[in-house]
Structures are given as C-alpha cells and as structure tokens.
Amino acid sequence: MVRTTDPGCYIAACEALAAFDIRAELSRIGIPTLVVAGADDQVTPAADARVLVAGIADARLALVPGASHLTPVEQPMAVTDLLMRHFSSSWQTPDHPTGMTAVPAPPSKPVLSPVPPGAEVVGFAHNVPEPLLDARADAYDQGIKVRREVLGDAHVDRAQSLADEFTGDFQDFITRYAWGEVWTRPGIDRRIRSVVTLTALAARGHLDELAFHTRAALRNGLTPTEIKEVLLHTGVYCGVPTANSAFAVAQRIIREETSPEG
C-alpha cells in the first residue's frame, strides 16, 4: 500500500494525523458508537481505543484478536460482522439505556465468539450464544486458541515455558477442560464468563488469578466501570474485605492497561 502511494501525499497525511486531536470534543458525539481495534496493534494500542470509549457517552469497544494496525484488512469478516451487529442491534433503539459499554473482539476466522462465529461481540450480542465448537478431539487446539485470545500470548507462553514433567499434565488439563470444553460452550458469551470468573476468583481470594483475569476481562470487552460494578456487587454478597482486596488488584491492572504508556 505504501509503495503505491505518492510520497508527498503520504507525508502530508501523516502530518495531518499527527496534529489531529479531538479528544476534548468526544463528548459531542451523541449516537451509539462502535470502536474497533486490533488486539495486537502496537501503534495505536487498546489503551488508545479505551480513551475513545471513555469519552463518548454511548460507545462500545471491540478488540479483534489476530489483528494489529489494519484490522479491516487483516480480519475483514470479523469487522463486517461487528458492523452488521452494530447497525442492526436493539441497543440502537431510543429506549435503550445509554452509557459506556464494550464489545469483545472477534477472532480471526469465524466471525466472533470464542473463535467460533457469533459470540465475541458481547457488548451488543448479549442474547447471541456462542456456537459450539465441534469435536472433543479438537479440545486442546480450540482451548489453546481461546486461552491465547482471552489471556494473551505472553501469559500463555510464560505458563507453558514454566511447565515441566511435574506441571505439564496440569497445563494440558486446564487447556483442554477449562478452555477447550467450558469457555467454548454456547449459551453465554465471553463477557459474561469474565463477570462470573472475576466474581468467583474474588470470592475465593485467588488474587493472582484475579489479576490476569482482570486483564482478560478488558480484552473480552468489559469496561473498567463494569469491572468496578462487578466487584461492588461481590462485596455485598461475599464481604467487604473480599472486595477490598479485589479492588486493589483490579485497580493496578486497569491502570497498567489503560495508561497511555501501557
């Protein structure tokens, strides 16, 4: 693309973009807005997309796995499905409550869900179940794919690099069972699964797991505001000390993930 572009025009476009900053004007946008970003974009990372979501009254975020800076080109089917859902969903109707919500990213092949089509667009796909992945024989392959999409390559690579003869079977077990057979089930989308997971981990005091699942919840489309509400609700039913510890962990992760340098 760059090779076929006039150098002068390309430079002028770069200069125009460098000076284009309308963050202070985002609140003027009064219609439901879908913010789409590549999960692997290093140029304009997810933190930049979340700035847009935070500034627009009724915005949702879709982080698209397997895409970096040219998401519509890299994952055209996923982006098309996101747009179709955005323009045809009931949340567009006037009586829909406004507020910042988000949309998790669809995977590369099927359109959106834990990789299968349909489920990953959680923000406005509340009632759309994730298609069931076929074949238990593929449980490990599907599990490792979903695990990487939800937790991130760095986390999974680190866990696998630390696996040895003693822990290797456990890594295989959770990949097949938790990620390949449960996280891929139909019925609820990844956003809801993240809500349940955060609640359970906070309630049981598993703070290390809560940290990386807070990061996963952001990848799945939960906003910091929604995570806050989950933990507040957890405090009511599981106890204030439980929520206090969970808030400390979640606050740290959210700051890391949403800071411009993050």
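Using the Cα centre as the reference, give the magnitude of the dipole from point charges on the C-beta atoms of segment 192-239 (Lys, Arg: +1; Asp, Glu: -1; all else neutral), rounded to the nearest 20 debye.
80 debye
Please list, by residue number, every one of the chymotrypsin sites (Phe, Trp or Tyr not before Pro) in segment 1-95 that is coil in DSSP and has at most 11 other beta-carbon atoms within 10 Å.
The qualifying sites are 20.
Read-outs: derived from the displayed coordinates by stated rules, not from any lab. Keep in mind the model is a prediction, meaning the values are calculated, not measured. No Cβ is skipped: glycine too gets one built from the backbone with ideal geometry, and neighbour counts run over all protein chains shown.
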